[in-house]
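Data block below; observations after.
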Amino acid sequence: MQRVAHSTLFGLLALICLAVALFSARYFMPSPIMAEGMAPHLQARPVVFLTHVAGGVTALALGAFQLVTWRGPRRRWHRVAGRIYVAACLIGAGAGLALALTSPSGPVASTGFGLLAVFWFGTTALAWRKAVSGDFGQHRRWMIRSLSLTFAAVTLRIMIPAGEMLRLDFAVAYPAIAFLCWVPNLLLVEVWLRTWGWEASPPAPRRFQDTAASAGSPPA
Ligand code: HEM
């Protein structure tokens, strides 16, 4: 029963992520519908902007599936997609930081998105290092944190129309959303990891990793 509930939840989250990724990919089409405040970015720094969107879209599209492919017959996919996810996050975060520092929405929005970029880069880089060193317990925990930040792209796109529906002034709501789109996500997974989440496991000795990799343990 619990397994069915988990699969349904992960399936739903994956679908939402895919939908937002597809919608965001519109920036690669000629004359896309622009979100408010994005025209200056696209005009002044198209390479940085499109690099960010490419990184974000790739991370979002792949990330949700990583949670269901880490064991079983799809482990090979998990390894390949995991490397692409890490590269997409690091590139997306670098370009996201550059966008944040030049955000037309003011210093508070710049700080919110800037910190998100730093945390996104940091959690993903740590998750990757833990996988490379064979510490899969910590790898999963850092990846969950990274994914919660990738999911900020979804919460942001729910909060902006919600703010409009509540008739909040965009100039006031947007800087707040620059924090609200990711801080609660990170806090929520932190509480989950500490309360019910996977236990951190000590790094496996190299010899065990080699044997385990062929016997069906979680991959890097
Ligand atoms: C989680 C770390 C992320 C950071 C730090 C970040 C940062 C930013 C920043 C600073 C902007 C410009 C906002 C402004 O100047 O007001 C932006 C816009 C954008 N970002 Fe991200 N972003 C992140 C994740 C993502 C992801 C995962 C996607 C994938 C869908 C994405 C897609 C976009 C798109 C499409 C825009 C243009 C605005 C829009 O269409 O809503 N970003 N991002």
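Quick note: the coordinates plus some simple rules give every number you see, no bench work behind them. Worth saying up front: this structure is predicted, and the values here are computed from it rather than measured. All Cβ positions, even for glycine, are placed from backbone atoms using ideal geometry, and neighbour counts span all protein chains on display.
Here are some notes:
- Rounded, prolate or oblate (a/c below 1.5 giving rounded, otherwise prolate when a/b exceeds b/c) for segment 78-159 by Cα gyration tensor: prolate
- Prolate is the label for segment 97-144, because a/c, from the alpha-carbon gyration tensor with a ≥ b ≥ c as root eigenvalues, is 1.5 or above and a/b exceeds b/c.
- P(r) weight above 26 Å for the chain, C-alpha pairs, percent: 37
- Across segment 128-142, computed HN-Hα scalar couplings (Karplus, 6.51 cos²θ - 1.76 cosθ + 1.60, θ = phi - 60°) run 5, 4, 5, 5, 4, 7, x, 8, 6, x, 6, 4, 5, 5, 6 Hz from first to last residue, x flagging Gly and Pro.
- For segment 17-31, 3J(HN,Hα) per residue [Karplus equation, 6.51 cos²θ - 1.76 cosθ + 1.60, θ = phi - 60°, Hz, x = Gly/Pro]: 4, 4, 4, 5, 4, 4, 5, 5, 5, 4, 5, 8, 9, x, 6
- Whole-Hz ³J(HN,Hα) from phi, Karplus 6.51 cos²θ - 1.76 cosθ + 1.60, for segment 166-174, glycine and proline x: 7, 6, 7, 5, 4, 4, 8, 5, 4
- For the pair residue 129 and residue 15 in one chain, pulling the backbone fully straight at 0.36 nm per residue adds 38.2 nm over the alpha carbon distance.
- Here the spin labels are modelled as points 7 Å beyond Cα on the Cα-Cβ line, and at residue 23 and residue 74 they lie 2.4 nm apart.
- 14 Å beta-carbon shell around residue 119, net charge (K/R +1, D/E -1): 0
- Packing-based exposure ordering (other Cβ within 10 Å, fewest first) of 34, 143: 34, 143
- Segment 24-107 shape via C-alpha gyration tensor axes, a/c threshold 1.5: prolate
- Panel order for 99, 62, 115, by other beta carbons found within 10 Å of each beta carbon, from fewest to most: 115, 99, 62.
- Two-site FRET efficiency, residue 188 against residue 164, from Cβ-Cβ distance with R₀ of 30 Å, rounded to 0.05: 0.80
- Point-charge dipole on Cβ atoms (K/R +1, D/E -1) for segment 2-215, about Cα centre, debye to 20: 920
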